[in-house]
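Below is one structure, written out as structure tokens; the observations come after it.
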Amino acid sequence: MTNEDPNKSTKKGRGRPPKDWELLFTEWLKSGLPKNDFLALKGIDYRGGTAAAKTRTWTTAIDEVANRLNDMKLAQTAPSAKAAALVDNLTQKEVKQADGTVAVETTIAGISPANSWQQIQRWRNAQGATD
């Protein structure tokens, strides 16, 4: 009977230890460095076949996340379809910003903060008459 650990690897430790590419990806994101500079700091030849293959999707992953975040931001700032269904005088116009960009401004014609409560009261009265 032997006292050796059955879970112990039988390899003799030849070759390089494996790299945790997910951990390296996370560290690269936190570093803010260009990918090739980061890999060079870690002692990894970024022109090598394995490193190039493992890091090929890093920049595309960032672009995909940025696009998803932008889509979520647009979905939150877009006017609700329910608001358009409730109010038939919804207007949109393009407004030129000071920095030269163009923004779309959505307004409800005839309703302003000053008279919004009166409009709500009219809607309630009209609903009460139909009920």
Worksheet item: Does residue 50 fit the bill of being surrounded by fewer than 10 Cβ atoms within 10 Å (Cβ to Cβ), modelled with pLDDT of 80 or more and out of contact with any Gly (no Cβ under 9 Å at 6 or more places or on another chain)?
Response: no
Worksheet item: Just wondering, is there one or more residues in the range 110-126 that are polar (S, T, N, Q) and modelled with pLDDT of 80 or more?
Response: yes
Response to the item:
Only one of (1) modelled with pLDDT of 80 or more; (2) on the phi < 0 side of the Ramachandran plot; (3) surrounded by fewer than 10 Cβ atoms within 10 Å (Cβ to Cβ) does not apply to residue 89, and that is (1)
Worksheet item: Mind checking whether some residue in the range 18-40 is at pLDDT below 80 and β-branched (Val, Ile, Thr)?
Response: no
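The values are calculated or read from the model by the stated rules, or taken from the named source; none is laboratory data. Owing to the predicted nature of the structure, the values given are computational and were not obtained by experimental measurement. Here Cβ is always computed from backbone atoms with ideal geometry, including for glycine, and neighbour counts include all displayed protein chains.
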